[in-house]
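The values are calculated or read from the model by the stated rules, or taken from the named source; none is laboratory data. Only a predicted model underlies this, so the values are computations on that prediction, with no experimental measurement involved. We place every Cβ from the backbone using ideal geometry, glycine too, and count neighbours over all the protein chains shown.
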Amino acid sequence: MLLVTARSDRARQLQAQDEGGAPLRAPSTVQSTRATRRSAADVLSAGDIAVTRYQPRGDALLTETTNLVGRIESMRTLLGLIAALATLGAGGVSLAATPHQHALPHTQRVVVRPVHANGTPVAGYTVTREKIPGFACTDGASTVAVSPNIRYCGFSATYTVACWKSANHTVLCLRNPRVKSLVRIAYTGTFAPVAKPKLPSPQALGLFDGGYCTIRDGGAWGYVQGHPNWYGTYGCRRVAVYGPGRDGIDRSVNPWRVHTVSSPTGTPGSIVNRRVRTAYYVGTAS
């Protein structure tokens, strides 16, 4: 006769007694073996299973406790591992990590296209009218464009660095590439066709630390002490991007890097090298 029940350690001690009240003890060799197995099977065990057998000779009760679940699960795990290794070996599959598992993050280049070639806004963009006296589009091609016929217009204060010719002698201008909002402004003079720049600069930068910076449009910015060849290129919330070259972006590394400056005095800690997560350009939709 075979009874199978789940028990705690205390229950095993109470039931492992004979009729005379003396506890039945397993040989020391069995105890040491069980202790070793338990340390290896604890993770897999769902509980100890007490197996109670009634022997045909006499009415003495023999109780032996074994961790059947632990043994079964351990054996299944071992067999599964052996089968998996055999399959990998036969197929010539390497367990080494693939290259892109350890690939460094890189700068994403995003082109925002808010205006069609015919001068109409792309669906999803809102348009707000603004009236700015003396607004003209004679400053040449926008440096943030990857398509032709996108121009700088207006003044530094209007921040209209990317504008498309539209209907009724107006332009549509994008101030923030992350916001689906355009401004419509009437212009004076002409809006002549222009080629796209050979080396465009992003209109905005999204940094890995969450910072967001937009390209400088004129204005008087100070110099950074100790870095006479740096000049300000992007304005962020509390800092500004400074560096050499046309826009201060180091494209020789991936992800791209910029120096943000919190104080023009160049005091220790005021210049921080930051990684660029996203570079936003503008283009024309079809």
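Quick look at the numbers
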{"quantity": "Residue list for region 230-284, filter: free of Cβ contacts under 8 Å to residues at least 12 places away in the same chain and in contact with a Phe, Trp or Tyr (Cβ under 9 Å, 6 or more places away or on another chain)", "calculated": "D250"}
{"quantity": "Answer from S201, S252 - the residue that is out of contact with any Pro (no Cβ under 6 Å at 6 or more places or on another chain), crowded, with 20+ Cβ neighbours inside 10 Å and of a type outside the set (A, V, I, L, M)", "calculated": "S201"}
{"quantity": "Which numbered condition S166 misses (of (1) touching a residue at least 24 places away in the same chain (Cβ under 8 Å); (2) closer than 28 Å to R277 by Cα; (3) not assigned by TED's automatic domain parsing to the domain that holds G245)", "calculated": "(2)"}
{"quantity": "Condition met for V161 (loosely packed, with under 14 Cβ neighbours inside 10 Å and on the phi < 0 side of the Ramachandran plot)", "calculated": "no"}
{"quantity": "Subset of region 144-172 [farther than 20 Å from S201 by Cβ and either small (G, A, S) or part of a loop (DSSP other than H, G, I, E, B) (or both)]", "calculated": "A157, S166, A167, N168, H169"}
